[in-house]
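Data first, discussion second: the structure below is written as structure tokens.
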Amino acid sequence: MDPLIDYAQYDHWKTNTPYDHDYYENPSTDADRYVDWVFIVYRFRLSDMFPSINYTGYTPIPDYTSQDMILGQPVKIGGWGRGSAQGGMRESGFNGITHVCLHELAHALFPYGHNGRLAGLSVLSANQVGWGTSIWGMNAWEREKLTWMNYNTVASDEIVTLPDYMTNFTALKIPTSSPNRFYVIENRQRLDPELDTAYGKGIYVYRAINRSNNEYIESSEIYSNVNLPEPNGFYDGCINVLSADGRWNFSHNLSPSPNYSIDLPANIRIQKSIPNPRGYDERDYCGRFQYGNTGNWGRYYCLNDRGEGGTNRWYQGDSIEESDLRGDAFGDVHDGFSMGYNRVFSKWSNPGIDQSWADCNFSIEILSENPQTGAVTLRLRFANPQEAPLARPMGLSGTSSNGISYALNWDQPGLYCH
């Protein structure tokens, strides 16, 4: 930054006052003469200049030391929450660059790591962030944390008509016996596709934690078996989406622990096998792999790269018409609950309520969907949650000994279905 320039003319606000929109007509005394945030965008990768940084974006700004950012003085940049840098995003264009800028700024708004494995559903997703897209609009947990909205809390039997979240900023909160653990319900109909980057439409269900005690959702609490958990919940964050297409057992073809290596990353293959209510879905199944045994690590997802000319075909997943071109890790049409796919969430569904994570018992049933307004009507049951219909069957199969009558089998948590 040029120390001869008085940047005060660009400073229109203090962080504890409203933005001064008519500064030039009526210069304000509210400006505090501090640089609030600085973005540095490099044409090259950050690792070319900072070998220890293997990310496309980084907060705070690396390799600057001074905390002083007073305008009109020789300015040095630095200090947590005062700026960020990014590089290697030229191929993603302006949108990709601005999305990474937003993600890095969000590290200052939520300065404890990432908020969850939430591609397309969060401004601060922990996985799939390096592509610089699908990270525009904030989810309800993020907006509520910034006091930009309040939840509508439901704790007893009720029929609720929920409007589109991103155009109305309305979401439900369902408390549990633990004050810091609860469920969040959003209706995402992509009425504003610029801000709502969820791939599929429908009712999105999250389990969430209030970070009042610097608490995270831990992999060991929500997954069995745990797939390469991140230390201190850095990737699990505080929000975990429960996609309507269920949770499953996954496997990969990397070498066993502790190496998790493969000679050619393009040869990674991920397989989904049987339903497991404490397993993963295609959004949050990710982990680290090693290039051979070189000590250089990368990260794998349920990635396909269809239509983008990429080399990674790590996971077959849904058809190209039903999922993001990059693969199901970025979302598919079955992530949200809907009348036509999976309309019930309960402790007997998959995904469902994990009472070992937080003690509660309720059910959600979708009653109707309004195609004109996007509003969805839900019945929430607390007194008798078992009165909800059975959820979508998983692993449905049939056998017949005579070709006329069939025995049907499917997976239903807590029930034997035959």
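The values are calculated or read from the model by the stated rules, or taken from the named source; none is laboratory data. Since this is a predicted model, take the numbers as computed values, not measurements. Cβ sites come from the backbone with ideal geometry, for glycine too, and all protein chains shown count toward neighbours.
Observations, loosely collected:
- Unique residue being over 26 Å from Tyr204 (Cβ atoms), at pLDDT below 90, surrounded by 15 or more Cβ atoms within 10 Å (Cβ to Cβ) and not aliphatic (A, V, I, L, M) when the list is Asn304, Asn259, Asn312: Asn312
- Qualifying residue in the range 288-297 (condition: in contact (Cβ under 8 Å) with a residue 40 or more places away in the chain, in a loop (DSSP other than H, G, I, E, B) and either within 22 Å of Tyr206 (Cα to Cα) or in contact with a strand residue (DSSP E or B) (Cβ under 8 Å, 6 or more places away or on another chain) (or both)): no
- For the range 134-162, the set of residues classified as over 19 Å from Gly120 (Cα atoms), in contact with a strand residue (DSSP E or B) (Cβ under 7 Å, 6 or more places away or on another chain) and touching a residue at least 60 places away in the same chain (Cβ under 8 Å) consists of Val154, Ala155, Asp157, Glu158, Ile159, Val160, Thr161, Leu162, listed by residue number.
- A Cβ distance below 7 Å, combined with a sequence gap of six or more or placement on separate chains, defines the contacts here; from the range 39-55, residues that are more than 13 Å from Val100 (Cα to Cα) reach residues that are surrounded by fewer than 16 Cβ atoms within 10 Å (Cβ to Cβ) and charged (D, E, K, R) in the pairs Arg43/Arg90; Phe50/Asp63.
- Residues (buried (at least 20 other Cβ atoms within 10 Å of the Cβ), of a type in the set (Phe, Trp, Tyr) and either modelled with pLDDT of 95 or more or in a loop (DSSP other than H, G, I, E, B) (or both)) located in the range 316-350: Phe337, Phe345
- Contact annotation: residue pairs with Cβ atoms under 6 Å, 6 or more positions apart or on different chains, pairing a residue in the range 80-92 that is under 30 Å from Gly310 (Cβ atoms) with a partner that is assigned to a loop (DSSP other than H, G, I, E, B) and modelled with pLDDT of 70 or more, are Ser84/Thr59; Gln86/Thr56; Gly87/Phe44; Gly87/Arg45; Gly88/Arg45; Gly88/Thr56; Met89/Thr56.
- Qualifying positions in the range 355-401 - surrounded by 12 or more Cβ atoms within 10 Å (Cβ to Cβ), at pLDDT below 90 and part of a loop (DSSP other than H, G, I, E, B): Leu390, Ala391, Arg392, Pro393
- Failed item in (1) farther than 28 Å from Gln372 by Cβ; (2) touching a helix residue (DSSP H, G or I) at 6+ places or on another chain (Cβ under 9 Å), with Lys173 passing the rest: (1)
- Listed by first and then second residue, the pairs linking a residue in the range 243-264 that is free of Cβ contacts under 8 Å to residues at least 24 places away in the same chain to a residue that is basic (Lys, Arg) and surrounded by 11 or more Cβ atoms within 10 Å (Cβ to Cβ), with Cβ atoms under 8 Å apart and 6 or more places separating them unless they lie on different chains, are Asn253/Arg269.
- Some residue of the range 143-152 being buried (at least 20 other Cβ atoms within 10 Å of the Cβ) and either among the hydroxyl-bearing types (Ser, Thr, Tyr) or not in a loop (DSSP other than H, G, I, E, B) (or both): no
- Members of the range 374-401 found to be of a type outside the set (Val, Ile, Thr) and under 25 Å from the mean Cα position of the chain (by Cα), listed by number: Gly374, Ala375, Leu378, Leu380, Ala391, Arg392, Met394
- Residue, surrounded by the most Cβ atoms within 10 Å (Cβ to Cβ), within the range 227-254, restricted to residues that are modelled with pLDDT under 80 and among the hydrophobic types (A, V, I, L, M, F, W, C): Leu228
- Scan the range 65-84 for residues that are under 25 Å from Ala126 (Cα atoms) and modelled with pLDDT under 75 and the total you get is 6.
- Considering residues of the range 162-219 that are small (Gly, Ala, Ser) and not in a loop (DSSP other than H, G, I, E, B) only, the residue surrounded by the fewest Cβ atoms within 10 Å (Cβ to Cβ): Ser212
- Residue in the range 86-133 that is surrounded by the most Cβ atoms within 10 Å (Cβ to Cβ), counting only those that are at pLDDT below 75 and either touching a strand residue (DSSP E or B) at 6+ places or on another chain (Cβ under 7 Å) or of a type in the set (Val, Ile, Thr) (or both): Val129
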